[in-house]
Amino acid sequence: MEYFVQQLINGLALGSIYGLIAIGYTMVYGIIGMINFAHGDVFMIGAFVALITFLVLGMIGITWLPFALLLVLVVAMVVASVYGWAIERLAYRPLRGSFRLAPLISAIGMSILLQNYVQITQGARVKPLPPLIQGGFVIMENDGFTVSLSYMQIIIVALTVILMIAFSALISRTALGRAQRACEQDRTMAALLGINVDRTISLTFVMGAALAAVAGLMFLVYYGVIDFFIGFLAGVKAFTAAVLGGIGSLPGAMLGGLLIGLIETFWSAYFTIEYKDVAAFSILIMVLIFRPTGLLGRPEVEKV
Amino acid sequence: MNRPLLTVEHLTMRFGGLTAIDDVSFTARDREITAIIGPNGAGKTTVFNCMTGFYKPTVGRLTLDRGDRKFLLERLDDYQVAQRAHVGRTFQNIRLFPGMSVLENLIVAQHNRLMHASGFTVLGLFGFGGYVAAERAAIDKARYWLDRVNLTERADVNAGALPYGAQRRLEIARAMCTDPVLLCLDEPAAGLNPRESHELNELLRFVRDEHKIGLLLIEHDMSVVMGISDHIIVLDYGRKISDGSPAEVRSDPAVIRAYLGEDEDEAKSAGDRA
């Protein structure tokens, strides 16, 4: 029982990170109907920017942790947003209106480019960050096995919940959110109502990138090591999460992220840790076969 | 006579070897209803598409004169036609946002004003007063138009669930929410029953007289065209064949020929000429 609860906590923390990345996939898919395969690498860039900012702050002597974390969060979100915006502008917008596969290929190219760029500029070796936030609560203790809930896990889940609420409000209540939903349903008509469709799409990428940067920072602080390749696996798992939840659906992305996090954690705990990725991707295959619209997705209506 | 609102000069649109519009010039005046009629394939919708940034005309100039400022429509991007020149448009086939409520469809049409009021969303997120007031004004305006098109009770229904006639009315209300100076309607009466098309006439007259804007409509339903138009332009095979008041157009031999076909001698001589 204690073991189960502990895995549940670990799974929720991991799932929150996947969920935040998955939102970027799902929002972009919703608005332009393409999978942004470079999104995982924006997450990786976010983690690297966070690491560099931590080091810089340490050098100039800002060490009060809450302030440093907030500063790093803002810097990582801003820099990743610029990347997100630039990727859309350079790699996808020129191909809009081209055949469907073109932006997808462009996205894969962009992903490879970003990985290699970070590998060259930052080196291929694993980068460590000393643990910043330690300690936590012991919530259960039995037969020498303790169930602990670390402060870091609390921060991850709480921040994710806050961001999710903020984003749901943004999509459902604000003019920008309405414009995004309008573009999603009929881009031509949205333009005729005076909505700048290109800008709305850019902002969608920016929002997705900012969330991925938050996930990158969480990943960095939670695991303490990053390298240029983390974006690939995390990206593909987040994509799986988005498909599982129903691609295009915001709550679906979050639910999918949590489920993938839980499945992966429980698989590692009760079966074999080597096959945890296999478990996650088997889910992807099964969802695609048996329920292609995902858990919360709407059946796709082909537009004519 | 009212001042010219839209001036189309020498508009030509070619798609490869096909000339869809051939040197068409006309004027649509402020506070008047101008109808573009013509047989199928005459190029009516293409004129609209050139105006609203879908196509870049091969030749020609489309000037929208708002009184204080002039806009060359062919140089504006699609969203600027609504945002800056304030030209509203509806489509032949209904293009509401089916997944949004009726009210939201009308509010999304007021996007630009809300974006400005919300400081491009940033200030709005923190609940700044200007945004709240702008949002309230947007809802008031939406309610006003819902009232006009008898959809107040269905404000919270998904737009896709409305019956056909109601969707047509909602489209016009939505276009009006963009504050147009010129409203372009592509076959607004298509598929309406006689009672509904009578209501449409009333609505269009109301828009012209109370909101003091110009309307440009493509229409096949002659009871609508002859009933409410101040001015009619007739296109056939991409050329303008007649232009004038309903009475003038109705008696124009060129129009009668285009609609009813020419008699045999004329057809033969036309064939010889070609």
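Residues to consider are A:226, A:263, A:283, A:273; find the one that is open to solvent by 60 Å² or more (accessible area, probe 1.4 Å) and more than 12 Å from the chain's Cα centre (by Cα).
Step by step, each of A:226, A:263, A:283, A:273 is checked, and only A:273 is open to solvent by 60 Å² or more (accessible area, probe 1.4 Å) and more than 12 Å from the chain's Cα centre (by Cα).
Taking residue B:40 as meeting all but one of (1) within 14 Å of another protein chain (Cβ to nearest Cβ); (2) assigned to a loop (DSSP other than H, G, I, E, B), write down the number of the exception.
Among (1) within 14 Å of another protein chain (Cβ to nearest Cβ); (2) assigned to a loop (DSSP other than H, G, I, E, B), residue B:40 violates only (1).
Of all residues in region B:176-207, how many are under 15 Å from the mean Cα position of the chain (by Cα) and open to solvent by 30 Å² or more (accessible area, probe 1.4 Å)?
Final tally of qualifying residues: 3.
Could you list, ordered by first residue, the pairs with Cβ atoms under 8 Å in which the first is in region B:245-267 and farther than 27 Å from residue B:32 by Cβ and the second is open to solvent by 70 Å² or more (accessible area, probe 1.4 Å) and at pLDDT below 85, at least 6 apart or interchain?
From region B:245-267, the pairs are B:266/B:257.
Could you tell me whether residue A:48 is of a type outside the set (Gly, Ala, Ser) and touching a helix residue (DSSP H, G or I) at 6+ places or on another chain (Cβ under 8 Å)?
yes
List the pairs whose first member sits in region B:15-40 and is assigned by TED's automatic domain parsing to the domain that holds residue B:204, whose second member is part of a strand (DSSP E or B) and acidic (Asp, Glu), and whose Cβ atoms are under 8 Å apart, counting only residues at least 6 apart or on separate chains?
Close Cβ pairs (under 8 Å, with a partner that is part of a strand (DSSP E or B) and acidic (Asp, Glu)) amount to B:25/B:9; B:26/B:243; B:38/B:236; B:39/B:236.
Across region A:171-184, what is the number of residues that are in a helix (DSSP H, G or I) and either among the hydroxyl-bearing types (Ser, Thr, Tyr) or free of Cβ contacts under 8 Å to residues at least 12 places away in the same chain (or both)?
Total satisfying the criteria: 6.
Can you confirm whether region A:185-192 contains a residue that is within 12 Å of another protein chain (Cβ to nearest Cβ), more than 20 Å from residue A:42 (Cα to Cα) and out of contact with any Phe, Trp or Tyr (no Cβ under 9 Å at 6 or more places or on another chain)?
Among the residues of region A:185-192, at least one is within 12 Å of another protein chain (Cβ to nearest Cβ), more than 20 Å from residue A:42 (Cα to Cα) and out of contact with any Phe, Trp or Tyr (no Cβ under 9 Å at 6 or more places or on another chain), which makes the answer yes.
Being of a type in the set (D, E, K, R) and closer than 17 Å to residue B:197 by Cα is the filter; apply it to region B:154-175 and report the residue that is most open to solvent (accessible area, probe 1.4 Å).
Restricting to residues being of a type in the set (D, E, K, R) and closer than 17 Å to residue B:197 by Cα, the top hit is B:169.
Please enumerate the residues belonging to region B:52-111 that are within 14 Å of another protein chain (Cβ to nearest Cβ), of a type in the set (Gly, Ala, Ser) and surrounded by fewer than 24 Cβ atoms within 10 Å (Cβ to Cβ).
Listed by number, the residues that qualify are B:53, B:99, B:101.
Just one of A:202, A:172 is modelled with pLDDT of 90 or more, over 17 Å from the mean Cα position of the chain (by Cα) and within 13 Å of chain B (Cβ to nearest Cβ); which is it?
A:202
Inspect all residues belonging to region A:21-33 and state whether any of them is outside any helix (DSSP H, G or I) and over 14 Å from residue A:211 (Cα atoms).
Looking for residues that are outside any helix (DSSP H, G or I) and over 14 Å from residue A:211 (Cα atoms), one finds at least one in region A:21-33, hence yes.
For region A:240-260, give me the residue count where each residue is of a type in the set (A, V, I, L, M, F, W, C), open to solvent by 30 Å² or more (accessible area, probe 1.4 Å) and touching a Leu at 6+ places or on another chain (Cβ under 8 Å).
Here the count works out to 3.
The values are calculated or read from the model by the stated rules, or taken from the named source; none is laboratory data. Keep in mind the model is a prediction, meaning the values are calculated, not measured. Here the Cβ is made from the backbone with ideal geometry for all residues, glycine too, and neighbour counts use every protein chain on show. Keep in mind that these areas ignore ligands, DNA and RNA; they rest on the heavy atoms of the full protein, side chains included. Shrake-Rupley method; radii C 1.70, N 1.55, O 1.52, S 1.80 Å.
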